[in-house]
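Peer 1: Okay, here's the structure, questions in a sec.
The values are calculated or read from the model by the stated rules, or taken from the named source; none is laboratory data. Just so we're clear, the structure is a prediction, and the values are computed from it rather than from any experiment. Neighbour counts are summed over all protein chains in view; Cβ atoms, including those assigned to glycine, are modelled from backbone coordinates with ideal geometry.
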Amino acid sequence: MLWLRKQSPAQRLPAVADIVVPRSLPIALDSQFFKHYFDHLVAQSEAGGGAAALIGRLQAKQRAMASTFERALAAAGLSEVESLLDRVFTARRRLYPALEAAGAAKVLAVLAQLIHGTLPVAERLQTFVDAMPGTVGMDRASIKAANKLRRAAWDFAAELLHFSDADKYPLMTRWVWDQSTQSGALREFIRGNDTMKEIPLTNAPEMFEGARAWLADQLRTEGIYRDMPLWIDLMLAQAYTNYLRSVAEGGLGADFGRGATPHEQLAKLLGIDRARGAGLSRVKKDSLVRNEA
């Protein structure tokens, strides 16, 4: 485990509540759709050194987030937390003002609980989201901004948890699946999804792990056996960026940058796009409510 400090053998045993047991999916995923996305991933990644290069960048992200997280827990401020947020594409433009408003002490406490706590995984994720400041008013703009903030907080927490131990925790960001909006990468593996009023997938960690088990089986049919969790991340990102490119205005379309190649868009979604120069952050620090109003 990358982020856990050295412990005795007895302490290293995971708590029962910390184990994510895969759940059988209530709807079938389609192996032909998988094959379509796999072939596209292999072809599109050739321009950037192949899928192996993307895996290498994901591994580098894991190492960087691991070392940054430990520095964050030892620090008194939010500078290292900002560095973590810079690597989470779907949160880096929304969440920092809320972290600042909550205060470093509170943020660091809930981050420590998220990674090192013994509560069930879903509770740890929700605890982090609930620690963010609520809406400042009851007008429509404030409520809309607060909802977007909570979704960004979920994505940030989900990525931190996943990259703390990718073997143990599935990637549970909203772009993988969001029950409330019935959208995400998993929808793209379901045949006939465009005619379904509701897809019976939940946001439970066990459901994400069930989907991950299915994807792992499919990858093995393609001869993939190493770095399985990161390959699954690539497959999910490939499916979702394919979807975004198929619609005129995807939910993240403007943020991706029009004219970007599919390879560049996939890297941005996964937070492994090229960082700015030294000392330059991609984290937006303006007030979320003011920007959304």
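Peer 1: Can we say residue 161 is closer than 19 Å to residue 61 by Cα, of a type outside the set (Lys, Arg) and either touching a residue at least 40 places away in the same chain (Cβ under 8 Å) or buried (at least 20 other Cβ atoms within 10 Å of the Cβ) (or both)? Can you show your working first?
Peer 2: Details: closer than 19 Å to residue 61 by Cα: yes; of a type outside the set (Lys, Arg): yes; either touching a residue at least 40 places away in the same chain (Cβ under 8 Å) or buried (at least 20 other Cβ atoms within 10 Å of the Cβ) (or both): yes.
Criteria met by residue 161.
Peer 1: Of all residues in the range 61-103, which are in a helix (DSSP H, G or I) and hydroxyl-bearing (Ser, Thr, Tyr)?
Peer 2: First pass over the range 61-103, keeping only residues in a helix (DSSP H, G or I): 61-74, 79-85, 96-102.
Hits for the range 61-103 are 67, 68, 79, 83, 96.
Peer 1: Scan the range 183-196 and tell me whether some residue there is under 30 Å from residue 97 (Cβ atoms) and either out of contact with any Asp or Glu (no Cβ under 9 Å at 6 or more places or on another chain) or among the aliphatic types (A, V, I, L, M) (or both). Talk me through it step by step, then tell me what you get.
Peer 2: Our first condition is that a residue be under 30 Å from residue 97 (Cβ atoms); within the range 183-196, this holds for 183-185.
From the residues that got through so far, the ones that are either out of contact with any Asp or Glu (no Cβ under 9 Å at 6 or more places or on another chain) or among the aliphatic types (A, V, I, L, M) (or both) too are 183, 185.
Yes, there is a match, as at least one residue in the range 183-196 is under 30 Å from residue 97 (Cβ atoms) and either out of contact with any Asp or Glu (no Cβ under 9 Å at 6 or more places or on another chain) or among the aliphatic types (A, V, I, L, M) (or both).
Peer 1: Just to verify a result, which residue in the range 136-145, among those that are free of Cβ contacts under 8 Å to residues at least 40 places away in the same chain and within 24 Å of residue 179 (Cβ to Cβ), is surrounded by the fewest Cβ atoms within 10 Å (Cβ to Cβ)?
Peer 2: 140
Peer 1: Can I ask one more? Residue pairs, Cβ under 8 Å, 6 or more apart or interchain, first in the range 212-225 and crowded, with 17+ Cβ neighbours inside 10 Å, second of a type in the set (S, T, N, Q). List them.
Peer 2: Hits for this filter: 218/31.
Peer 1: Let me ask something additional. Restricting the search to the range 100-121, which residues are in contact with an Asp or Glu (Cβ under 8 Å, 6 or more places away or on another chain) and not β-branched (Val, Ile, Thr)? Steps first, answer last, please.
Peer 2: Here is the first cut: in the range 100-121, the residues in contact with an Asp or Glu (Cβ under 8 Å, 6 or more places away or on another chain) are 118, 120-121.
Selection gives 120 alone.
Peer 1: Could you tell me whether residue 153 is surrounded by fewer than 19 Cβ atoms within 10 Å (Cβ to Cβ) and either in a helix (DSSP H, G or I) or touching a Gly at 6+ places or on another chain (Cβ under 7 Å) (or both)?
Peer 2: no
Peer 1: Can you work out which of the residues in the range 74-92 that are among the hydrophobic types (A, V, I, L, M, F, W, C) and more than 21 Å from the chain's Cα centre (by Cα) is nearest to residue 115 (Cα to Cα)? Quick ask: steps written out before the conclusion?
Peer 2: At the first step, the residues of the range 74-92 found to be among the hydrophobic types (A, V, I, L, M, F, W, C) are 74-76, 78, 81, 84-85, 88-89, 91.
Restricting the remaining residues to those that are more than 21 Å from the chain's Cα centre (by Cα) gives 74-76.
Values: 74: 14, 75: 16, 76: 18 Å.
My answer is 74.
Peer 1: Follow-up. So is residue 114 at pLDDT 95 or above and buried (at least 16 other Cβ atoms within 10 Å of the Cβ) or not?
Peer 2: Answer is yes for this residue.
Peer 1: Considering only residues of the range 41-65 that are surrounded by fewer than 16 Cβ atoms within 10 Å (Cβ to Cβ) and in contact (Cβ under 8 Å) with a residue 40 or more places away in the chain, which is farthest from residue 243 (Cα to Cα)?
Peer 2: For the range 41-65, the residue satisfying everything is 63.
Peer 1: Do you know which residues across the range 99-130 are of a type in the set (Lys, Arg) and either under 19 Å from residue 66 (Cβ atoms) or touching a residue at least 40 places away in the same chain (Cβ under 8 Å) (or both)?
Peer 2: Residues of the range 99-130 that are of a type in the set (Lys, Arg), as a first pass: 106, 124.
Passing the criteria: only 124.
Peer 1: Yes or no: the range 32-42 includes at least one residue that is acidic (Asp, Glu), touching a Phe, Trp or Tyr at 6+ places or on another chain (Cβ under 8 Å), at pLDDT 95 or above and farther than 22 Å from residue 168 by Cα. Outline the logic, then answer.
Peer 2: At the first step, the residues of the range 32-42 found to be acidic (Asp, Glu) are 39.
Among the residues that remain, those that are also touching a Phe, Trp or Tyr at 6+ places or on another chain (Cβ under 8 Å) are: none.
No: the range 32-42 contains no residue that is acidic (Asp, Glu), touching a Phe, Trp or Tyr at 6+ places or on another chain (Cβ under 8 Å), at pLDDT 95 or above and farther than 22 Å from residue 168 by Cα.
Peer 1: Looking at residue 238, is it over 22 Å from residue 179 (Cα atoms) and modelled with pLDDT of 90 or more? First the steps, then the outcome.
Peer 2: Values: over 22 Å from residue 179 (Cα atoms): no; modelled with pLDDT of 90 or more: yes.
In short, no.
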